[in-house]
Amino acid sequence: MDNFLWWRDGVIYQIYPRSFADSNGDGLGDLDGIISHLDYLEDLGIDAIWLSPIYPTPDKDFGYDVSNYVDVDARFGTLEDFDRLVAETHQRGIRIILDLVLNHTSDQHPWFLESRSSRDNPKRDWYIWKDNPNNWQASFGGKAWEFDPGTGQFYLHLFTKEQPDVNWRNPEVRKAQLGVFRFWLERGVDGFRLDVFNAYFKDPDLADNPPKFGLRGFDRQRHIHDIDQPEMMPFLNEMRTLLDSYPERYVVGETYFATPQKTVSYCGPDKLHAAFSFDFTTFNSALAEAFQLYKWSPLWIMKQFILREQTFNAAGIWPTTVMSNHDLPRAASRYARGENDSQPFLAMALLLTLRGTPFLYFGEEIGMRDIHLRHSEILDPPGRKYWPIYTGRDGCRSPMQWDDSAFAGFSTVKPWLPVHPDYKWRNVATEQTDLNSLFNFTKKLLALRKENPALRRGDFIPLKTRGSMLAFLRRTHEQTVLVAMNFNNQSVNYNLPDGKWHILLSSAQSSPGSLAPFEIQISIRQ
């Protein structure tokens, strides 16, 4: 199919496993639950699934504190269940991406238990120990150093104290972590998402970070010594060589403190295939994150995208597009008012028509909203720490809403997080039967991407518009597609580019050159 490459031309669907489907009635999602819904994902039209961590964990950061990199948490299943998941996904033409959390482990990982057992243990240098801590702050609040009374030193943790950072400068650590890649590659995994990968290496002298203005301790420092160290590049070269020894494997990085410029610096033929730059999720401000202030207008969106295009094109790097994930308020909660889906329709159209690999967060296809929790109900560590200024990430991790039965068809018992109250009408089963639903619009868009190379690989050409309208072309040598969107509740007319245009998809069935309120129109030049 037009030289289709799954990670470049396809759509990747992120699953937060503990919230997707519970097969055994314990209130927690699992691998069998995912397997039971693979037909749904195939029918929807996605090309790959990215699983948030499934490894054994004490749950101090809900999976991102790993106590064993080469096993499956018993609550999710077994390695045999995982092998079956790989086989079942591949049988349907779906690839599978695992989340690797290699900057830190759980404090219950055998490596750290050995490291903290004595100062002369062979694994002591597998973590970062210091007699006197520097001024680094933890992202989740407080100092980044925890005193260990057993050995009389402090260990480094950029997140919770139960997540000690490993010492990537130790060759044995590097070898062991590459072994983790190899273990899962041998089990048929198609790719990896690297959690906070650019924090792996720290300044060798552990120098203090300089100050800057910010709301909290972590934001009141310029992070020049605890992330983005030059030693990251040789490791990426080594890791990419390993991945390239397997056919069509892929790696995407979560860029800590991402900017387009920083993101592209880590990508290339001998580095990452791609890295997230989060252009459409916040405007990169601690104040915005704390108070959930998000810009959402045609002018801002186009400005963000043109900046990204210039940066990525100049570097020859293929971008990614993200609207939501397990760390961010859902797009529908950021940009919509109440249960009105006009803005989620627009967000979905952008996600699936802009140039770059789309990452679709589970539940976005039905417009799921964040849940709201009382302080006593919050589970997320930074949410507990910074409430009420910041309420954490639980809101976007609520269970998938499959139908209108008890617990939204996710489980037969009370789930680990509450189901959103709107599940009675906002669920997969209901939206599948509604031809005008966000689900069916998403499914049509996914089909359009597969049928039209311009939407997958075409150049991006912005068009001049005014006010509430956004329009652009996606163009290859053989095909030109026009995407036009109205962000307002008033109809608008616009001048079509030269040529005869045929509408492929419209959310309101207007004629070319005219947009109803909040209409999305995708047309092809004949």
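What follows draws every value from the coordinates through simple rules; no lab data is involved. Being a predicted model, the structure only gives us computed values, none of them experimental. Ideal geometry is used to build each Cβ from the backbone, glycine not excepted, and the neighbour counts take in all protein chains shown.
What does the charge add up to near E172, with Lys and Arg as +1, Asp and Glu as -1, over the other residues with Cβ less than 9 Å from its Cβ?
+2
Can you tell me the orientation of helix 298-315 relative to the chain, as the angle in degrees between its alpha-carbon axis and the longest Cα principal axis, to the nearest 10?
Helix 298-315 and the main axis of the chain meet at about 60 degrees.
Among DSSP beta bridges lying fully in the chain, give the percent that are antiparallel, nearest 5.
55
Go through the stretch 140-169 and name the trypsin sites (Lys or Arg not before Pro) that are in a DSSP coil and have 15 or fewer other Cβ atoms within 10 Å of their Cβ.
For trypsin sites (Lys or Arg not before Pro) across the stretch 140-169 that sit outside H, G, I, E and B with at most 15 neighbouring Cβ atoms in 10 Å, the list reads R169.
Relative to the longest principal axis of the C-alpha atoms of the chain, give the angle of the C-alpha long axis of helix 438-451, reported between 0 and 90° and rounded to the nearest 10°.
So the inclination is approximately 90 degrees.
Using unit Cβ charges (K, R positive; D, E negative) and no other charged atoms, how large, in debye to the nearest 20, is the dipole of the stretch 38-179 about its Cα centre?
Rounded to the nearest 20 debye, it is 720 debye.
Be a star and scan the stretch 43-70 for residues whose amide nitrogen sits under 20 Å from the point 7 Å along the Cα-to-Cβ vector of R92.
43-54
Label L215 and N170 with points 7 Å out from Cα along Cα→Cβ: what is the distance between them in nm?
It is 3.7 nm.
Need the list of aspartates and glutamates near K271 for cross-linking: C-alpha distance under 16 angstrom, and skip anything on the same chain fewer than eight residues off.
Those aspartates and glutamates meeting the cut-off are D195, D228, E231, E238, D244, E248, E254.
If the label point is 7 Å along Cα→Cβ of S36, which residues in the stretch 352-366 have backbone nitrogen under 19 Å from it?
Flagged as within label range: 362-363.
Rounded to the nearest 500 deg cm²/dmol, what is the calculated helix-only ellipticity per residue at 222 nm for the chain, with -39500 (n - 2.57) per DSSP H run of length n ≥ 4?
Here the helix-only value at 222 nm equals -7500 deg cm²/dmol.
Quick one: length gained pulling N495 to E114 fully straight, 0.36 nm per residue minus the C-alpha distance?
Computed gain between N495 and E114 is 130.3 nm.
Please state the relative contact order of the stretch 1-139 as a whole percent: Cα pairs under 8 Å, 6+ residues apart?
Relative contact order of the stretch 1-139: 20 percent.
Taking K303 as the anchor, which lysines have their alpha carbon closer than 22 Å to its alpha carbon, excluding any fewer than eight residues away along the same chain?
Here the lysines satisfying the reach criterion relative to K303 are K262, K295, K464.
Extension gain K303-I389, at 0.36 nm per residue separation less the Cα-Cα distance, in nm?
Gain on extension, K303 to I389, equals 28.1 nm.
Would you tally the net charge around W6, using a Cβ to Cβ cut-off of less than 10 Å, leaving W6 out, and scoring K and R as +1, D and E as -1?
Combined, the nearby Lys, Arg, Asp and Glu give -2.
Counting only other residues whose beta carbon sits under 15 Å from that of P133, what net charge do I get with K and R as +1, D and E as -1?
Neighbour charge sum, excluding P133 itself: -4.
How high is the relative contact order of the chain, given as a whole-number percent (alpha carbon pairs under 8 Å, six or more residues apart)?
Result for the chain is 12 percent.
Compute the relative contact order of the stretch 457-525 as a whole-number percentage, counting only Cα pairs closer than 8 Å that sit 6 or more residues apart in sequence.
Answer for the stretch 457-525 is 30 percent.
I want to check the label-to-label distance for R8 and L206. Put each point 7 Å from Cα in the C-beta direction and report it in nm to one decimal.
Label at R8, label at L206, 4.4 nm between them.
Too long at a 22 Å Cα-Cα cut-off: which of K143/K385; K130/K161; K424/K450?
In this structure, K424/K450 lie more than 22 Å apart at Cα.
Provide the FRET efficiency to the nearest 0.05 for the N436-R84 pair, computing r from the beta carbons and using R0 = 35 Å.
Calculated transfer efficiency: 0.40.
So for the stretch 308-393, taking the charge dipole from beta-carbon charges (+1 Lys/Arg, -1 Asp/Glu), which of P319, G383, Y361 sits furthest toward the positive end?
Towards the positive end, the residue furthest out is G383.
In debye, nearest 20, what is the charge dipole magnitude of the chain about its Cα centre with +1 on Lys and Arg Cβ and -1 on Asp and Glu Cβ, if you could check?
1740
Can you work out the FRET efficiency for the pair A74 and D148, with r the C-beta to C-beta distance and R0 = 30 Å, to the nearest 0.05?
Calculated transfer efficiency: 0.55.
Please list, by residue number, every one of the trypsin sites (Lys or Arg not before Pro) in the stretch 382-485 that is coil in DSSP and has at most 12 other beta-carbon atoms within 10 Å.
Here the sparse-neighbourhood loop sites are K464, R466.
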